[in-house]
1. In degrees between 0 and 90, to the nearest 10, how far off the longest principal axis of the chain does helix 331-344 point, with axes built from Cα atoms?
2. Fewest first, what order do 89, 333 take by the number of other Cβ atoms within 10 Å?
3. Arranged from highest to lowest average of other beta-carbon atoms within 10 Å per residue, in what order do the peptides 353-366, 27-40 appear?
4. Using mean Cβ contacts within 10 Å as the protection proxy, how do 103-115, 59-71 order, highest first?
5. By how many nm would the segment from residue 118 to residue 381 grow when fully extended, if each residue of separation counts as 0.36 nm and the alpha-carbon distance is taken off?
6. Quickly rank 307-313, 487-493 as a protection proxy: mean count of other C-beta atoms within 10 Å, highest first.
7. Sorted from fewest to most neighbouring beta carbons within 10 Å, what does the list 13, 345 look like?
8. Quick check for you: which residues of segment 182-223 have the amide N under 14 Å from the point 7 Å beyond the Cα of residue 111 toward its beta carbon?
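Read-outs: derived from the displayed coordinates by stated rules, not from any lab. Quick caveat: nothing in here was measured; it's all calculated off a predicted structure. Here the Cβ is made from the backbone with ideal geometry for all residues, glycine too, and neighbour counts use every protein chain on show.
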């Protein structure tokens, strides 16, 4: 037994050497190049990205994951909405006009060419949350059908700092703007307007405002033909203050009331009108997947994910209109490919199968990963774990491994042991209010009952220390995330942290791939299920 164990250690150490700075850097440079035009679905950028990734998977020696094909077709519809230049609000204190882009952004998630909303009643619905397990229902007995709700982003606990309200400043799924749209649909609302605040949202107005000129993608299924909530939008905080004042309401006071248990929706005494013109394209985008078949338990699988898509060509900033997406998410795709190379370089294949999955349309709501989970190659009960990576910091080596969503499963303990071998420690996300745990491709796997990890070096760069590192990270979210400036510059950036993370997650996956153990959920996890 001892000899067998040592041979495995030697073999994995040799395989780890195949993970190189140069390979990772080369993949990032190619995937974030201007020639790929920001890797948006339905574009030449997608076609070039697919060709490159298929070629890399073939070069590594992966087998096609989808019935002899590297591609899984994901039917999508890309909708471009153009709202009228102004919203006109009839309010108790007189008419209020708000301007597109400056005050609001609106879109219509349906296949209706011209949507005209006339004198639709506005209801302030607090956070737009209906959570029986928290004894919280912002809607109460209010009839929302056919009306438009105005809601706050994030959770009640965020604004109060009260840990007894949901999870305090740590965002839950109820705080995500996508949840609020889903709940508005369930309540029968005609529209949903979310008030944007930088800190509560986790990103600046420029990130959400791009909807005014870019297509938004949706799974092309029956849901899109039966939507009731079809006038959705964001409102700046400044415009929200003006709107509430025109309704003889104080914005800060309403936010305080909405954060108290027992709040119920309040009619604003106002109506608004807007026209939204839609154009759309129905087509398919593609998930990309390759596998290494397990030598003993090939029906059991470990999944590595990193989405390939980004935002394409959009609003120019400083003369640059290509949203290259180097850190989001070319770097993570490079991470995944290098892990695949390490597994493939093993003398003996792993006992379990390894799936390397690069989903499409993550930026439009995790659509590719959700489609895969709905149409899996491997049974969920035989899917051991999912390891996802997204939004990489090019700062060099890190002392930490930051786990976004720490505490959900035994995977944390397994990761901690491997991280310690690199002289690193585990820590929680320093900004849980951003809700990143619910914003990347591990979420559909988690909801399907599959323990998952989203972790990376992030909070404590070896030379900068925690405080300076987090200041740099804060600047990233303000000035780089979802902007054309998300580019890779070899003379300025350092990928050693990503190299370390790649080796770390190869080791973690290697251990699980040569084990018969299924990691268990922690009882307190919201995704807990028996395994």
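1. It is inclined by approximately 30 degrees.
2. 89, 333
3. 353-366, 27-40
4. Order by mean packing, descending: 103-115, 59-71.
5. Separation in residues times 0.36 nm, less the Cα-Cα distance, equals 89.7 nm.
6. Descending mean neighbour count gives 307-313, 487-493.
7. Ranking 13, 345 by Cβ neighbours within 10 Å, fewest first, gives 13, 345.
8. The answer is 218-223, whose backbone nitrogens lie closer than 14 Å to the label point.
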